[in-house]
Every structure is written in structure tokens, then in C-alpha cells.
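Engineer: First the structure, then my questions, so here it is.
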Amino acid sequence: MSLGAFRLKRTVLPLVILLLASAGFISCGSSGSSIHKPPSGLSTRVLASQDVSSSTSLGGLIIVNGQKDIVARASEISAGNTPGLMTLSPTRATLLAYDPSTVSVQVINTTTETNAGRISLPGPVSSMVLPATTSIGYAAVPTAVINGYPPGAVEVMNLTTGSTTTIGVPNAQTVISNANGTQLLVFSPFSSPAVSNSVYVISPLIAVPPVDQGCDNLAASSACKVVPGFDQPVNAIINGNTAYILNCGAECGGTQASVMVLDLTSLTITNTIPVNGATAGFLSGSTLYVAGTPKGTACPSSTAAAFCGTLDIVDLSSMTDPNFTNHNPILITDGYHDRIDLSLGGQLFIGSHTCTNVGNVNKPTGEVRVCL
């Protein structure tokens, strides 16, 4: 996106937003009263992080008019020098933006469209989550140093005081929270088989500050439990007391991609549903959409790309995946899929990185194929 551009074509905006480091959709109600509107005057907004600075622009959060698909006539929200990864609370009142230049998480008040402060962290953040109780946030920091143990931790961030508690988790890459933040699932893929085939279950509220040895020393900490028996687990979706664990399988050096059902009360695996590929998922009712890139999945002759990713539609009421059972996967672009969302209009958007690019999106001639 050109830094000086004001209008974005409606057909282009979804692609731009998905390909930015992160984006958050915020609605402020539908009453239309100015009392309920933020300083930008918009009732529906999209915040897009951009880390480019120039003589006329600084890095920050761009406000997009979500009803007209145009960049708003409003000042960027300060979020450090190079904001990228973002996460939005379920209430949409608080947003966290990670700024690599200061190795800190910027706390954004979306109601006032202002920066409420920052929290310094011990290393680069690979994943963040903000439960419904927005006074506490969690960040996975793979390189966090805990003396005497392998690097990696989950940082418990108090958004009110700015204090943190470190919970040791080797090579923590992805953190997922239940609704109230009392239970976290942490994934450490691409580690040793013993680590990468297990899921760490964290109870952050009983962690002992400032540093809890957590999963580094199970005998000394009650804040962590380890559940083995997975196949390169990389992500999960939590619904009540049930977690749907996405096993990356062969794509990540394992055996078979699948969705494993984990009971969060007993911490037992109750079902396994084989799928074609699984690194990202979206739950809608009893339907679970799962995207991934199985090794060697050929694309049809209609594209110049040699390999394709897949989309599976899992029926949780019957615990079956017809796309896998019938050997009929829905083919999508390849790459490592890490973005998936469903629009109000029923369109499923799936984004990946390190995909096969075909053509030039800036000078489209013939086929243009990118990561969306």
C-alpha cells in the first residue's frame, strides 16, 4: 500500500488488510449517536498496523473506515516505531500491538483511540492472546532466558500495572487461551520429538511471580501440565471445556495431519479426526474449517503453481471429515497457513506465508497467485 494513498478499491482492501502484519476489526455499536463514537467519528473501524516510517509518515496503527473501505481522515494511533503483530480483546475495547524495535507490547485503548502504555518483554513475541478479562494478556516469547533452563516462556502481562510474570515453557511459539484466561495451551513445534509432540497446559493465575519455572521444572511448579500423544501440534481452538488441537503432521515433519479433541477438564484425548493439512482453523457452530499444506499435493493444470494447500470442512457433530474420507480436498494456495476468518457475508478468508507466488500483483498479466 502506498503511504500517500487515501482511497483503497473495495476489491483490493481485504487482500491488503490480510497481508499486513496484523489487522483488527472494531465495531462501536449501531446506534449512530456521537456519544458512542470514538474520536475518529467512525462506528465501524479496521485498525491495520504498518511499520514503515518516512519523512511524511511514522509507523503506527492506521484507521480504516470499515463501512466505506477507505483510509479514515484520522491520525494514526501511536504504537511504537514498527508495530506488527496485533491481538484484540473479545470486548474489542483493548488491543495489543507488538513493537519489535522496542521489544515491547503497546496497549491501545480502542474507545479513545490512544496508546495507554507499553510493557517491555525479554525477547521477540511470536504469539499473543487477550481473554475476555482484559486486565491480563499473554505473550509467547521463544527466546526468553530462564537461568539453568532452555529458552522460552509465556509472559503474563498485567495491563493495569505494567508488571509481568514469566512462566517457563521451552521454545514457546503459540499461546491459546480459554475464555476467562484461567487455562492456556502453549505449543512448541519444531523442537525435539518429546517436546514438539506434546501440548503444555498452563494455569497462569497460580504462577508464582516474578519467574515461575513452569514447564521447565514440573516438580517445582504447579502452573504447568504436559499432555503427550500428539503429532506436531501447532494450534488449537478452545470451545468451553473442549480444545480442538491442530496436528500439523507431515507438513511439520510428523506423520499425519489431524484434529485431536482434548478434554480440558481431564486433559485426555477423546477423539482423532484425520485431515489433509492442519495449521489454522476456524470454528462456526459445529463446523470446523481447517487449512494446511500437505506435502506433495499437486495443483490442477489451471495454475502455474506446482503444489497447493488444502481446506477441510470437519463436521463436529459426527466427528468426520468428508473431504479426507472421500479423497476430495478443497485446493487453496500453499504456504504455511496462519490466518483464517469468516466474514459476515459467509466468505472464508485464508492467508499464509512462504507461499508460491505466480505473476506480479503490481503489474497483473495472466495468472496472479499469492498467499490469500
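Engineer: Testing Ala257 on (1) in contact with a Ser or Thr (Cβ under 7 Å, 6 or more places away or on another chain); (2) buried (at least 22 other Cβ atoms within 10 Å of the Cβ), one condition comes back false. Which one is that?
Structural biologist: That leaves (1) as the condition not met.
Engineer: Tell me which of these Leu262 doesn't satisfy, since it passes every other one: (1) in contact with an Asp or Glu (Cβ under 6 Å, 6 or more places away or on another chain); (2) assigned to a strand (DSSP E or B).
Structural biologist: Tallying (1) in contact with an Asp or Glu (Cβ under 6 Å, 6 or more places away or on another chain); (2) assigned to a strand (DSSP E or B), Leu262 fails exactly one: (1).
Engineer: Okay, next question. Any idea which residue in the range 348-372 is most open to solvent (accessible area, probe 1.4 Å), counting only those that are assigned to a loop (DSSP other than H, G, I, E, B) and closer than 24 Å to Thr174 by Cα? Explain how you work it out, then say what you get.
Structural biologist: Taking the range 348-372 and keeping what is assigned to a loop (DSSP other than H, G, I, E, B), we get 354-357, 359-368, 370-372.
When the remaining residues are screened for being closer than 24 Å to Thr174 by Cα, the result is 354-355, 371-372.
Working: Thr354: 112, Cys355: 20, Cys371: 19, Leu372: 66 Å².
This residue is Thr354.
Engineer: Among the candidates Thr166, Thr114, Thr143, Thr160, single out the residue that is open to solvent by 30 Å² or more (accessible area, probe 1.4 Å) and under 17 Å from Gly214 (Cα atoms).
Structural biologist: Thr143
Engineer: If Thr91 meets every condition in (1) among the β-branched types (Val, Ile, Thr); (2) without any contact (Cβ under 8 Å) to a residue 24 or more places away in the chain; (3) farther than 23 Å from Val201 by Cα; (4) open to solvent by 50 Å² or more (accessible area, probe 1.4 Å) apart from one, which number is that one?
Structural biologist: Only one criterion is unmet by Thr91, namely (2).
Engineer: Can you say whether Gly181 is open to solvent by 40 Å² or more (accessible area, probe 1.4 Å), on the phi > 0 side of the Ramachandran plot and not in a strand (DSSP E or B), as far as the supplied structure shows? Give the derivation first.
Structural biologist: Numbers: open to solvent by 40 Å² or more (accessible area, probe 1.4 Å): no; on the phi > 0 side of the Ramachandran plot: yes; not in a strand (DSSP E or B): yes.
In short, no.
Engineer: I'm trying to understand the selection: among the residues of the range 329-342, which are under 19 Å from the mean Cα position of the chain (by Cα) and either among the acidic types (Asp, Glu) or not in a loop (DSSP other than H, G, I, E, B) (or both)?
Structural biologist: Across the range 329-342, the qualifying residues are Asp334, Tyr336, His337, Asp338, Arg339, Ile340, Asp341, Leu342.
Engineer: State whether the residues of the range 306-316 include one that is under 17 Å from Glu251 (Cα atoms), out of contact with any Gly (no Cβ under 9 Å at 6 or more places or on another chain) and in a loop (DSSP other than H, G, I, E, B).
Structural biologist: Step one: of the range 306-316, the residues under 17 Å from Glu251 (Cα atoms) are 306-312.
With out of contact with any Gly (no Cβ under 9 Å at 6 or more places or on another chain) added as a condition, the list becomes 306, 308.
Narrowing the set further to residues that are in a loop (DSSP other than H, G, I, E, B) leaves 306, 308.
Yes; the residues of the range 306-316 include at least one that is under 17 Å from Glu251 (Cα atoms), out of contact with any Gly (no Cβ under 9 Å at 6 or more places or on another chain) and in a loop (DSSP other than H, G, I, E, B).
Engineer: Then there's this: Would you mind listing the strands (runs of 3 or more DSSP E) fully within the range 59-135 where at least 1 residues are more than 17 Å from the chain's Cα centre (by Cα) and closer than 24 Å to Val154 by Cα?
Structural biologist: Strands (runs of 3 or more DSSP E) meeting the threshold: 104-109, 114-120.
Engineer: Among the residues of the range 281-290, is any part of a strand (DSSP E or B), touching a residue at least 12 places away in the same chain (Cβ under 8 Å) and β-branched (Val, Ile, Thr)?
Structural biologist: Yes, that holds for at least one residue.
Engineer: Where the second residue is at pLDDT below 90 and hydrophobic (A, V, I, L, M, F, W, C) and the first is within 24 Å of Asn357 (Cα to Cα) and lies in the range 322-346, which pairs have Cβ atoms under 7 Å and are six or more apart or on separate chains?
Structural biologist: Arg339/Leu18
Engineer: Could you figure out which of (1) over 18 Å from the mean Cα position of the chain (by Cα); (2) farther than 14 Å from Thr297 by Cα; (3) part of a strand (DSSP E or B) isn't true of Gly345?
Structural biologist: Result: Gly345 fails condition (3) only.
Engineer: Looking at the range 71-81, can you tell me whether even one residue there is β-branched (Val, Ile, Thr), open to solvent by 20 Å² or more (accessible area, probe 1.4 Å), closer than 24 Å to Thr134 by Cβ and in contact with a strand residue (DSSP E or B) (Cβ under 9 Å, 6 or more places away or on another chain)?
Structural biologist: No, the range 71-81 has no match at all.
Engineer: Being surrounded by 11 or more Cβ atoms within 10 Å (Cβ to Cβ), of a type in the set (Val, Ile, Thr) and within 22 Å of Ile176 (Cα to Cα), is that true of even one residue in the range 315-322?
Structural biologist: no
Engineer: Which of the residues that make up the range 291-305 are open to solvent by less than 40 Å² (accessible area, probe 1.4 Å) and either in a loop (DSSP other than H, G, I, E, B) or of a type in the set (Asp, Glu) (or both)?
Structural biologist: First, the residues of the range 291-305 that are open to solvent by less than 40 Å² (accessible area, probe 1.4 Å): 291-294, 297, 299, 303, 305.
Selection gives Thr293, Pro294, Thr297, Cys299, Thr303, Ala305.
The values are calculated or read from the model by the stated rules, or taken from the named source; none is laboratory data. Here the structure is a predicted model, which is why all the values come from computation and not from measurement. In this analysis, Cβ positions are derived from the backbone assuming ideal geometry, glycine residues included, and neighbour counts consider all displayed protein chains. The area values use the complete protein model at the heavy-atom level, side chains included, leaving out ligands, DNA and RNA. Shrake-Rupley method; radii C 1.70, N 1.55, O 1.52, S 1.80 Å.
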